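Read-outs: derived from the displayed coordinates by stated rules, not from any lab. In this text the structure is predicted, and so the values were computed from the model without any measurement. Here the Cβ positions follow ideal geometry from the backbone for every residue, glycine too, while neighbour counts run over all protein chains shown.
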Amino acid sequence: QKEVEQDPGPLSVPEGAIVSLNCTYSNSAFQYFMWYRQYSRKGPELLMYTYSSGNKEDGRFTAQVDKSSKYISLFIRDSQPSDSATYLCAGTYGQNFVFGPGTRLSVLP
Amino acid sequence: EAGVTQSPTHLIKTRGQQATLRCSPISGHTSVYWYQQALGLGLQFLLWYDEGEERNRGNFPPRFSGRQFPNYSSELNVNALELEDSALYLCATQLRGRGPYNEQFFGPGTRLTVL
């Protein structure tokens, strides 16, 4: 079993839709959870990170962590074509960063 | 301020050759991580360098090696290239000692193609 798993997609939604991206993890040692966005032919960039169970909001983005079920979610409200990218979830403990395979999202105008 | 830079952007090699990839960190960053991103597999951790020393390596064969220079830039070497080494190689750098969470900043990657 991989430490971090996510559906690779692709996921296509119309502009303005609410997008839900999900990951599961198996390593109880993870302390922080991150969401990265990766545009085609670019390196990943950090969107949000969170430590505890619960929600963390930043503009149109909300990260949710449920440590009891080892489940991580990212919600994107009012999705835009510029949100089209691959979204990677990751967990970290100490200096170890473990990434999921990414979900490819397309937001159609 | 300049971000993480990597060179070359693209690299085409044949099986059995050696490849050298380079990474320059953000000014002040002392830690460098290397990842392999193959299609459908996500980022796989390769190597971590900090203050010139190799601190950790992922589950890759010894033909993947590297080093970190006194200016904290880093080099990844892949010997005896195999077809399955074709991937995007990403470098990420980090400012050490910032507390329990310490963001990694990624470069744009080097696309290695092995023919």
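Of note:
- Of the trypsin sites (Lys or Arg not before Pro) found in region B:1-90, those that fall in a DSSP loop while having at most 16 other beta-carbon atoms within 10 Å are B:R15, B:R63.
- Cα gyration tensor, the protein assembly as shown - rounded (a/c under 1.5), prolate or oblate: prolate
- For chain B, radius of gyration divided by Kirkwood radius, i.e. Rg to Rh on alpha-carbons: 0.96
- Region A:44-67 and region A:23-39 have Cα centres separated by 10 Å.
- Taking label points 7 Å from Cα along the Cα-to-Cβ direction, B:N79 and B:Q17 give a separation of 1.8 nm.
- Residue among B:E51, B:E82, B:E103 with the largest mean-square fluctuation in a Gaussian network model of chain B, springs linking Cα atoms under 10 Å: B:E103
- Region A:4-108 - charge dipole about Cα centre, Lys and Arg +1 at Cβ, Asp and Glu -1, debye rounded to 20: 180
- Estimated distance in nm for a label pair at A:E5 and A:K67, the labels positioned 7 Å out from Cα along Cα-to-Cβ: 2.3
- Within straight-line cross-link reach of A:K67, lysines at Cα separation under 16 Å, skipping those fewer than 8 residues along the same chain: A:K56
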